[in-house]
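First comes the structure, then the notes that go with it.
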Amino acid sequence: QVQLVESGGGLVQTGGSLRLSCAASGRTFSYYAMGWFRQAPGKEREFVAVISKSGGRTYYADSMKGRFTISRDNAKNTVYLQMNSLKPEDTAVYYCAAERGTGFPPRTYGYWGQGTQVTVSS
């Protein structure tokens, strides 16, 4: 019962930054842990980061630690992913997802956005 729409993707050079946004419908946003995932062509979906319902806890995949930051603004029903020091291997479609549980370890995210393309050129 939540609809998610990602935005903020684009083309950036190696070492650059992007900030992705995920807007959620409804007034029950705080019921959900929110996660970011990504998928490159020909590869499996990969976990990126998750933030707890209150925003008090965050977890990142090892390759993203120190470069990416997840945050949320429950008053705006929005979750963000700040991406710094981008590398060509970060090129992928990035998806926002919502789960009524803790969101980590990734288990059953029931709601997904359509994704936003991030392309990092060398």
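The values are calculated or read from the model by the stated rules, or taken from the named source; none is laboratory data. From a predicted model like this one, the values you see are computed outputs, not experimental measurements. In this analysis, Cβ positions are derived from the backbone assuming ideal geometry, glycine residues included, and neighbour counts consider all displayed protein chains. With ligands, DNA and RNA removed, areas are computed over all heavy atoms of the protein, side chains included. Shrake-Rupley method; radii C 1.70, N 1.55, O 1.52, S 1.80 Å.
For the reader, a short list of remarks on this structure follows.
- Net charge, Y80 excluded, C-beta distance under 11 Å - Lys, Arg +1, Asp, Glu -1: +1
- Carbon and sulfur %, accessible surface of the chain computed with the full protein complex present, 1.4 Å: 47
- Within the shell of other residues whose beta carbon sits under 15 angstrom from the beta carbon of G15, the net charge comes to 0, with Lys and Arg scored +1 and Asp and Glu -1.
- Per-residue SASA entry for Y95, accessible area with 1.4 Å probe, Å² rounded to 10: 60
- Label point distance in nm, K43-D62, each placed 7 Å from Cα along Cα→Cβ: 1.5
- Model label zone, T102; criterion: amide N under 13 Å from point 7 Å along Cα-to-beta-carbon; scope the stretch 47-80: 51-53, 57-59
- Leading residue at positive end of dipole, the chain (Cβ point charges), from L20, G55, N84: G55
- Binned Cα-Cα distances of the stretch 50-105, short to long, each 10 Å bin given as a whole percent: 20, 54, 24, 2
- Note that the chain presents 53 Å² accessible area per residue, ligands and nucleic acids not counted, probe 1.4 Å.
- Compactness of the chain, taken as the C-alpha radius of gyration over 2.2 N^0.38 Å, stands at 0.98.
- Phi angles across the stretch 9-14 convert, under the Karplus curve 6.51 cos²θ - 1.76 cosθ + 1.60 with θ = phi - 60°, into 3J(HN,Hα) values of x, x, 9, 9, 7, 3 Hz, Gly and Pro given as x.
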